[in-house]
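Trainee: Below is the structure I would like to discuss, written out as structure tokens.
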Amino acid sequence: MAKVWDIAVIPGDGTGPEVIAEGLKVLRAAADKMGFSYRLSHYNYGGQHYLKTGEVMPLSAIEEFRHVDAIYLGAIGHPEVKPGILEKGILLNLRFGLDQYINLRPVKLYPGVDTPLKDKGPDDIDFVVVRENTEGLYCGSGGFFKKGTPDEMAIQESVNTRSGVERCIRYALEYCRKRNKAKKVTLCGKTNVLTYAFDLWERVFHEVGTEYPDITLDYGHVDAVCMWMIKNPEWFDMIVTDNMFGDIITDLGAVIQGGLGIAAGGNINPQGTSMFEPIGGSAPKYAGKGIINPLAAIIACQMMLDFLGESEGANLVERAVIEVLSKHLKSLEAGKMGYSTGEVGDLVAQYIHTI
Ligand code: IPM
Ligand code: MN
């Protein structure tokens, strides 16, 4: 009997539920077309649930998620909840608890999409960022000393383990080989200042890199990488970096690929449960209006299908997205698409049926 994919859905806050609804519409269309099956289980964790019950996300949820094939996440973040509570309690808790040690963020400019970069097109903007997702400054190590006094001190430490760095670099090298484009991986670091953390990264990069003689090893300091991403994005094939730098450069990447309306990412544990999400956040000011762009969530769904091994279904979704982008949408921005959130989802689903 064919496999039935078990997918946990966490629509989350703000515009999360609206964009996830469209992603699920597209998933239905792809499944009908390709003949694969899935089962959804919905979880209502997020700001509303927290304000109502005081519960962020129970430990038991993580245990349940270990048994699903993938998690499809909308957005986490609520204007009435102090920053950090939901992000740490849900998003980071899932990434860490499920050991999703890779944050995979493709930066790809689709035809018909405007980039703010002058004279750059789809041939120039097509690279993948592999961001370490469970260590670095995100690990929560540090603390206050003399909090609230004039002598107050705050320490936030970046933790980099040999094994954590190695598995991330290995993933990037393997992915680069499979991607088979320029066969180049750029380590994005700061070896001139962060002389412990990135010394380790650089040593591991070159050590592990010797096992990949077909791949060119390249290095850039994070500040310079930001500059080159704008000036010469065509130089990049794959970028591998730590958690904090990866967070920053992937927002920059999102902007050059057309904005947060189209940027998606995967939180990957190759041996466990992975989670796919649009990276734009909950955008509370657009919530409930039906004007947010659902394409990032739809592309997150495409990444999920690809990861599950439904690569034909994933290709179908991508082709449909490209059709809709080049033939329909006026803009990727909320309220300026020329279509409602639901209509964009309908268009993608319709293309899937007609391809
Ligand atoms: C992201 C987000 C998260 C991060 C926040 C919401 C905790 O910005 O997925 O990039 O910093 O990783
Ligand atoms: Mn971010």
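Please treat every number below as a calculation from the coordinates, not as lab data. Only a predicted model underlies this, so the values are computations on that prediction, with no experimental measurement involved. Using ideal geometry, Cβ is built from the backbone for each residue, glycine included, and neighbour counts are taken over all protein chains shown.
Trainee: Would you mind pulling out the separation of the Cα centroids of the stretch 317-347 and the stretch 31-47, in Å?
Mentor: 22
Trainee: For the stretch 1-157, what does the convex hull of the Cα positions come to per residue, in cubic angstrom?
Mentor: On the way: hull volume 31.2 nm³, N = 157.
Per residue, the Cα convex hull of the stretch 1-157 comes to 199 Å³.
Trainee: Still on this model: Once the Cβ-Cβ distance between Asp223 and Ser37 is put in as r, and R0 is 41 Å, what FRET efficiency do you end up with, to the nearest 0.05? Kindly include the intermediate steps, with their values, before the conclusion.
Mentor: Numbers: r = 48 Å, r/R0 = 1.17.
So, using R0 = 41 Å, E works out to roughly 0.30.
Trainee: Need one number: % antiparallel among DSSP beta bridges in the stretch 115-257, to the nearest 5. If you can, show how the numbers build up before the last one.
Mentor: Numbers: 5 of 19 bridges.
That works out to approximately 25 percent antiparallel.
Trainee: Moving to a separate point now. Find how many whole Å separate the alpha carbon centroid of the stretch 128-149 from the alpha carbon centroid of the stretch 76-94.
Mentor: When both Cα centres are located, 15 Å separates them.
Trainee: Suppose we keep just the alpha-carbon trace of the stretch 115-257; what are its Rg and Dmax in angstrom?
Mentor: 16.7, 56
Trainee: Filter the GluC sites (Glu not before Pro) in the stretch 25-88 down to the DSSP loop ones having no more than 11 other Cβ atoms within 10 Å, then list what survives. Walk me through the intermediate numbers first.
Mentor: Working: sites: Glu55, Glu63, Glu64, Glu80, Glu87; in loops: Glu55, Glu80.
Taking the stretch 25-88 and a limit of 11 other Cβ atoms within 10 Å, the loop GluC sites (Glu not before Pro) found are Glu55, Glu80.
Trainee: Something else: Could you tally the net charge around Thr115, taking each other residue with its Cβ under 14 Å from the Cβ of Thr115, Lys/Arg +1 and Asp/Glu -1?
Mentor: Once positives and negatives cancel, what remains is -3.
Trainee: Something else now. For the charge dipole of the stretch 96-164, defined by +1 on Lys and Arg C-beta atoms and -1 on Asp and Glu C-beta atoms about the Cα centroid, which residue among Val129, Asn160, Leu117 has the Cα displaced farthest towards the positive pole?
Mentor: With unit charges placed on the Cβ atoms, the residue in question is Asn160.
Trainee: List the trypsin sites (Lys or Arg not before Pro) within the stretch 12-70 that DSSP assigns to loop and that have no more than 15 neighbouring Cβ atoms inside 10 Å. Write down the numbers at each step before the final one.
Mentor: Numbers: sites: Lys25, Arg28, Lys33, Arg39, Lys52, Arg66; in loops: Arg66.
Those satisfying the criteria are Arg66.
Trainee: Return one quarter of the surface area of the convex hull spanned by the alpha-carbon atoms of the chain, equal to its mean projected area, in nm².
Mentor: On the way: hull surface 77.2 nm².
For the chain, averaging the hull's shadow over all directions gives 19.3 nm².
Trainee: Here's another thing I want to ask about it. With +1 on each Lys and Arg Cβ and -1 on each Asp and Glu Cβ, how big is the dipole of the stretch 115-257 about its Cα centre, in debye rounded to the nearest 20? Mind dumping the intermediate values first?
Mentor: Working: 17 positive and 23 negative charges, 37 e Å.
Value, rounded to 20: 180 debye.
Trainee: What is the sum of charges, Lys and Arg at +1 and Asp and Glu at -1, for the other residues whose Cβ falls under 15 Å from the Cβ of Gly12?
Mentor: Details: positive: Lys52, Lys88, Arg95; negative: Asp13, Glu18, Glu22, Glu55, Glu80, Glu87, Glu277.
Net of charged neighbours comes to -4.
Trainee: Sticking with this one: Of the listed pairs Lys25/Lys327; Lys120/Lys231; Lys108/Lys181; Lys285/Lys336, which have alpha-carbon separations greater than 18 Å here?
Mentor: Numbers: Lys25/Lys327 20 Å; Lys120/Lys231 9 Å; Lys108/Lys181 13 Å; Lys285/Lys336 15 Å.
The answer is Lys25/Lys327.
Trainee: Quote the Stokes-Einstein diffusion coefficient, in whole µm² s⁻¹, for the stretch 289-355, based on the Kirkwood radius over alpha carbon pairs, a temperature of 10 °C and a viscosity of 1.306 mPa s. Could the numbers behind the result be given before it?
Mentor: Details: Rh = 11.9 Å.
Rounded, D is 133 µm²/s.
Trainee: Would you mind checking the pairs Lys52/Lys82; Lys118/Lys178; Lys147/Lys190 and listing those with alpha carbons more than 24 angstrom apart?
Mentor: Beyond 24 Å between Cα atoms: Lys118/Lys178; Lys147/Lys190.
Trainee: Here's something else I'd like to know. Which ³J(HN,Hα) values, rounded to whole Hz and listed in residue order, are derived for the stretch 243-248 from phi using the Karplus coefficients 6.51, -1.76 and 1.60 in 6.51 cos²θ - 1.76 cosθ + 1.60 with θ = phi - 60°, glycine and proline given as x?
Mentor: Working through the residues one at a time gives 4, 5, 4, x, 4, 6 Hz.
Trainee: Contour minus end-to-end for His328 and Arg28, with contour as 0.36 nm per residue of separation and end-to-end as the Cα-Cα distance?
Mentor: On the way: separation 300, 0.36 × 300 = 108.00 nm, distance 2.15 nm.
Taking His328 through Arg28 to full extension adds about 105.8 nm, to one decimal.
Trainee: List the chymotrypsin sites (Phe, Trp or Tyr not before Pro) within the stretch 124-223 that DSSP assigns to loop and that have no more than 13 neighbouring Cβ atoms inside 10 Å.
Mentor: Values: sites: Phe127, Tyr138, Phe144, Phe145, Tyr171, Tyr175, Tyr196, Phe198, Trp201, Phe205, Tyr219; in loops: Tyr196.
Hits after loop and neighbour filter: Tyr196.
Trainee: Just the number, please: percent antiparallel of the DSSP beta bridges in the chain, rounded to the nearest 5. Write out the running numbers ahead of the final one.
Mentor: On the way: 19 of 47 bridges.
If I count the DSSP bridges inside the chain, around 40 percent turn out antiparallel.
Trainee: Can you give the extra length, in nm with one decimal, that the chain gains between Glu55 and Met153 once fully stretched, where that is 0.36 nm per residue apart less the Cα-Cα distance?
Mentor: Values: separation 98, 0.36 × 98 = 35.28 nm, distance 3.05 nm.
Residue separation times 0.36 nm, minus the Cα-Cα distance, leaves 32.2 nm.
Trainee: Sum up the charges of everything whose Cβ sits under 14 Å from the Cβ of Ile71, counting Lys and Arg as +1 and Asp and Glu as -1, but leave Ile71 out. List each step's numbers first, then the result.
Mentor: Numbers: positive: Arg39, Arg66, Arg95; negative: Asp6, Glu63, Glu64, Asp69, Asp99, Glu277.
Residues close to Ile71 contribute a combined charge of -3.
Trainee: Here is a follow-up. In debye, nearest 20, what is the charge dipole magnitude of the chain about its Cα centre with +1 on Lys and Arg Cβ and -1 on Asp and Glu Cβ, if you could check? Please report the intermediate quantities before stating the final value.
Mentor: Working: 35 positive and 45 negative charges, 76 e Å.
Dipole about the Cα centre, nearest 20: 360 debye.
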